[in-house]
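Inspection log for the structure reproduced underneath, given as C-alpha cells.
Any read-out appearing in this document is the output of simple, stated calculations on the displayed coordinates, not a laboratory observation. What you see is a predicted model; the values in this text were computed from it and never measured. Glycine gets a Cβ as well: all are built from the backbone with ideal geometry, and neighbour counts include every protein chain shown.
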Amino acid sequence: MSELTLQNIGKSFGEHVILKDINLHSQRGEFIVFVGPSGCGKSTLLRLICGLETVTHGQIHIAGKDVTHMAPAQRQLAMVFQSYALFPHLSVRDNMGYGLRCAHFDEHVIGHKVDQIASMLQMTHLLHRKPKDLSGGQRQRVAIGRAMAVEPSLFLFDEPLSNLDAGLRHTMRFEIAKLHRELGKTTVYVTHDQIEAMGLADRIVVLNQGRIEQMGSPMALYQSPANVFVASFLGSPNINLLQGGWQPNGAHGQLILKDGSQWHTPLINTSGTATLGIRSEGLRICNLGQGLFDARVILVERLGSHAHVYLDGPGHHRWVARSEVHEAPSLGDVVGATVHPKDMLWFDDQQNLCSTGQ
Amino acid sequence: MLQRGIVFVLVALVLNFPVLTTLINSFRKRIDIQNSPLGFFAFDPTLEHYRKVFEHSTFHFQDYLINSLILGAGGTLLALLVGFPAAYAIVRFGHGRHTMLTVLSCVRALPLIVFAVPIYLLFQIAGLLDTRFGLALMACLINLPLVVFVLAAHFQELPSEIDEAARVFGAGTLRIVVHIMIPLSQSALIAVGILSFINAWNEYLFGVFLTSKSAIPISVGATFFATNLGVDWGVASAVLMMSVLPPMCLGLVSYRYIGRSLTTGAVKG
C-alpha cells in the first residue's frame, strides 16, 4: 500500500497558480526528496501534505486514509521546520515531549519516551537546557527528536539543514540518513541543495514553476535527465550546454554553431535546433588538436581530490572539465577537450532529452 | 563628565518641577504656602496635611483610592482579556487585518470628549453610572487600542512557525494561546499592562462624567480641595502625592519592559 499518495494536487492563491497537477505515489519507508529552485512550490507542496495549507483541488492520502481536509494533528505525521520552530520557553525535555503531552499520554510514558529518544540522539545531557543554550546542530536534533517522539507514519523535513554551516550540514545529513535507515519511516524532504537531494534520496522529485519536471532515482535523473532544466539543476558544477542549429546528414546529424563550425552528431529526433549536454566529468583534457575542440584555460579550481578546469571554447562558449589535480593544466594554456559519445546528452528543440550516448 | 551630570540634574529639575513643588508643598505649613508660594528651600516641615486627608469628614480618600485601584486593575485586566486574543486573531488568522487596526487607530485619535455624552446615555440605560465596574469598563475601552497595537506588533515578531509546529503536534488554538503565546508574551503583557494601568489611574474625564458618589476615583477626588473659597494647596498636594505613588512605583519598576516592548521589531535580528 502506498504510504503517501498525491492525486492531481493543485494550489492557487487567488489567480496565482503555485502548483499544478502533482501526482505521486510513495512506497512505505521511501525517502523522497522534493528539489527545485526557490519559488518552485516545493515548500508549498510540503505544507499541503502537512495540512498547514489547504489544497485548491486534488486529494492527499496517507497510509490509505484520505487526509485532504483533515487537520495536521490527525494526519499521523511530524514535521521538522527550517528554523527548527522549537518552543523557546520550554526545556529540551518539554519540547521533545510536547506532541505526547498534547495527545494526553501519562507523564511517566512521556518521560520514558523522551529519555529513549534523547539517548538515541545522544542528547541526554542536554534535556534540562533551553533552546537558546543550544548550538544549531543541537537544536536540529531536538526538532528531529520532537518529531520522532510522536511515532508518525510520515516524516516531513522542510529544508532542515539550510541554516547550518557546511561542515555541520554534512554531519547532520549523515545523521538523518542513519535515522531513516533505523526507523524505516516514509520521509518527504524538501531542499534546494541538489547535493543533499542526490545523497539522501531513494527518489528525487524535481519541481519547476509548480510542475513536476521529473521523478526517479538520483542516478536515473543524473544520467538520463528528462530535459535541460533537470540536467542543469542536478550536478555540480552545472552541466555544459551547447545549443545550435541541427540538420540530418545521412545516418548522422550536424550541429551548426554560431561561429559556423559544425559538429558531428548522432541522428536525433529534433527539428531546427538541438542542445548538447556534457557533464564536467565527461569532458576530458587532452592534447591540442586531438579532441572535440581546442580551448584556452581561463580558470583552474583545485579542490583537493580533483580540479575543475574552465575553458574558453569555440564561439567563446565557456566549458567546465574535471581533471586530476596533478594533471590539471595551467592558466592560459591552450588544450584540447574530448568527450566519449556515451557522455553526451542530446536535447531536442523543446529542450527534452532525445538521445543519450548510452 | 561633570558637565554632563550638571546638565542631567538641571533637565531633571525642570521636567520634574511640578512634581517637586507639589511634594514640597505637601510638607509645608499652610501659612508658609500662602505667604511665600515659591519658598521651597527654608521651611519647617509638617505632616498636618497628610493627617487632614485621613481626618477629613467629607473627603473619603481611602474610598477614592480603592476606586482607582479597581479602575486601574479591572480596566487593565479587561483590556488584556479582550485585546490579547483580538491581536492574535488579527495577526495569525487575518481577521479584520485591513480594517480593525485602522478603525482602532482612528477611534483612538479622536478626543475622548466626543464620546462623553453617548457613553453617559448608554451607561445610564445599562445602570452602570457611578459603578466601579462601569468605570473599569470605560478604562478597558480607552486602553484597548493600545493593547491591540502593542500585542499585534509583538505577535508579528514571533515566528508563525512556532504556532504551526504546535498545530502539527496536536495543539489547538486555545492550547497554543495559553501554553505558548502567553508565556512568550510576558514582556509585552507586562509593558502594555502597566501602561494601561497608568492610563486608567490618570483617567479624569470619564471619572467626572460617569461617577457621582460611590465610584469617584482619586484623579477626580483630588480636585475637591479647589472650592469657591479657595484652594487648600497643602492638603491638595498631600492628596496628589499619595495618589501618584502607585503608578510612579509601577513605572520605576517596569520602564525597561516598556522600552523593550515598544521598540520590538525596530531592528531585525
Next on the checklist: I need to check one value: relative contact order of segment A:240-356, counting alpha carbon pairs closer than 8 Å and at least 6 residues apart, in percent.
Outcome noted: 29 percent
Next on the checklist: How would A:HIS252, B:HIS98 line up from fewest to most surrounding beta-carbon atoms within 10 angstrom?
Outcome noted: B:HIS98, A:HIS252
Checklist entry - Can you give the calculated 222 nm mean residue ellipticity of the protein assembly as shown, where each DSSP H run of n ≥ 4 adds -39,500 (n - 2.57) and the sum is split over every residue, rounded to the nearest 500 deg cm²/dmol? => result -13000 deg cm²/dmol
Next on the checklist: Under 5 Å between amide hydrogens, which residues at least 5 positions from A:PHE293 or on another chain qualify, with H placed 1.01 Å from N in the peptide plane?
Outcome noted: A:ALA337
Checklist entry - Computed FRET efficiency, Cβ-Cβ of B:ARG51 and B:VAL9, R0 30 Å: what is it to the nearest 0.05? => result 0.35
Checklist entry - What order, most packed first, do the peptides B:67-75, A:296-304 have when packing is the mean number of other Cβ atoms within 10 Å of each residue? => result B:67-75, A:296-304
Checklist entry - Rg to Rh for the protein assembly as shown: what is it, with Cα atoms only and Rh by Kirkwood? => result 1.18
Checklist entry - Can you give the mean number of other chain Cβ atoms that lie within 10 Å of the Cβ atoms in peptide A:145-155? => result 1
Item to check | Residue-wise HN-Hα coupling along segment A:20-36, computed from phi with Karplus coefficients 6.51, -1.76, 1.60 (Hz; x: Gly, Pro) | outcome: 9, 6, 8, 10, 7, 10, 9, 8, 5, x, 6, 9, 9, 10, 8, 10, x
Checklist entry - Where does each of A:TYR189, B:TYR64 land when they are ranked from fewest to most other beta-carbon atoms within 10 angstrom? => result B:TYR64, A:TYR189
Checklist entry - When only Cα pairs under 8 Å and 6 or more residues apart are kept, what is the percent relative contact order across segment A:109-224? => result 18 percent
Item to check | Projected label distance in nm at B:SER36 and A:HIS104, using a 7 Å step from Cα toward the beta-carbon | outcome: 7.8 nm
Checklist outcome for this item: Largest fluctuation, A:HIS264, A:HIS308, A:HIS326 only, Gaussian network model of chain A with Cα springs under 10 angstrom, belongs to A:HIS326
Checklist outcome for this item: In this structure, the FRET efficiency calculated for A:HIS326 and A:LEU288 from their beta-carbon separation, with R0 = 25 Å, to the nearest 0.05, is 0.80
Item to check | Estimated distance in nm for a label pair at A:HIS89 and B:LEU112, the labels positioned 7 Å out from Cα along Cα-to-Cβ | outcome: 3.0 nm
Checklist entry - Which ³J(HN,Hα) values in Hz, rounded to whole numbers, follow from the phi angles of segment A:185-196 under the Karplus curve 6.51 cos²θ - 1.76 cosθ + 1.60, where θ = phi - 60° and Gly and Pro get x? => result 8, 5, 10, 10, 10, 10, 7, 9, 8, 6, 5, 4
Next on the checklist: With a cut-off of 8 Å between alpha carbons and a minimum separation of six or more residues, what is the relative contact order of segment A:4-233 in percent?
Outcome noted: 29 percent
Checklist outcome for this item: In whole Hz, the Karplus estimates of ³J(HN,Hα) for segment B:116-133 (6.51, -1.76, 1.60; θ = phi - 60°; x where Gly or Pro) are 4, 5, x, 5, 4, 5, 4, 5, 5, 5, 7, x, 9, 5, 6, 10, 5, 4
Checklist entry - Per 10 Å bin, what is the whole-percent P(r) computed from every C-alpha pair distance within chain A? => result 5, 21, 25, 21, 15, 9, 3, 0
Item to check | For A:100-113, mean number of other protein chain Cβ atoms within 10 Å | outcome: 1
Checklist outcome for this item: Mean per-residue count of partner chain Cβ within 10 Å for B:168-181 equals 5
Checklist outcome for this item: Summed over the other residues with a beta carbon less than 10 angstrom from that of A:LEU121, with K and R at +1 and D and E at -1, the charge totals 0
Item to check | Angle in degrees between helix B:186-201 and the longest Cα principal axis of chain B, rounded to the nearest 10 | outcome: 40 degrees
Checklist outcome for this item: Residues meeting the amide H criterion for A:GLN243 (H placed from the backbone, H to H distance under 5 Å, 5 or more places apart or on another chain) are A:LEU276
Checklist entry - Which residues' amide hydrogens lie under 5 Å from the amide hydrogen of B:THR211, considering only partners 5 or more residues apart or on another chain, with H built in the peptide plane? => result B:ASP130
Checklist entry - Distance from the Cα centre of segment A:216-278 to that of segment A:57-97, in angstrom? => result 43 Å
Item to check | chain A: most fluctuating residue of A:SER224, A:SER119, A:SER91 per GNM, C-alpha cutoff 10 Å | outcome: A:SER119
Item to check | Förster radius 30 Å - calculated FRET efficiency between A:ASN23 and A:LEU267 (Cβ-Cβ, nearest 0.05) | outcome: 0.35
Checklist outcome for this item: Footprinting proxy, A:PHE105, A:PHE81: sorted fewest to most Cβ within 10 Å, the residues are A:PHE105, A:PHE81
Checklist entry - Which of A:GLY199, A:GLY282, A:GLY36 moves the most in a Gaussian network model of chain A with Cα springs under 10 Å? => result A:GLY199
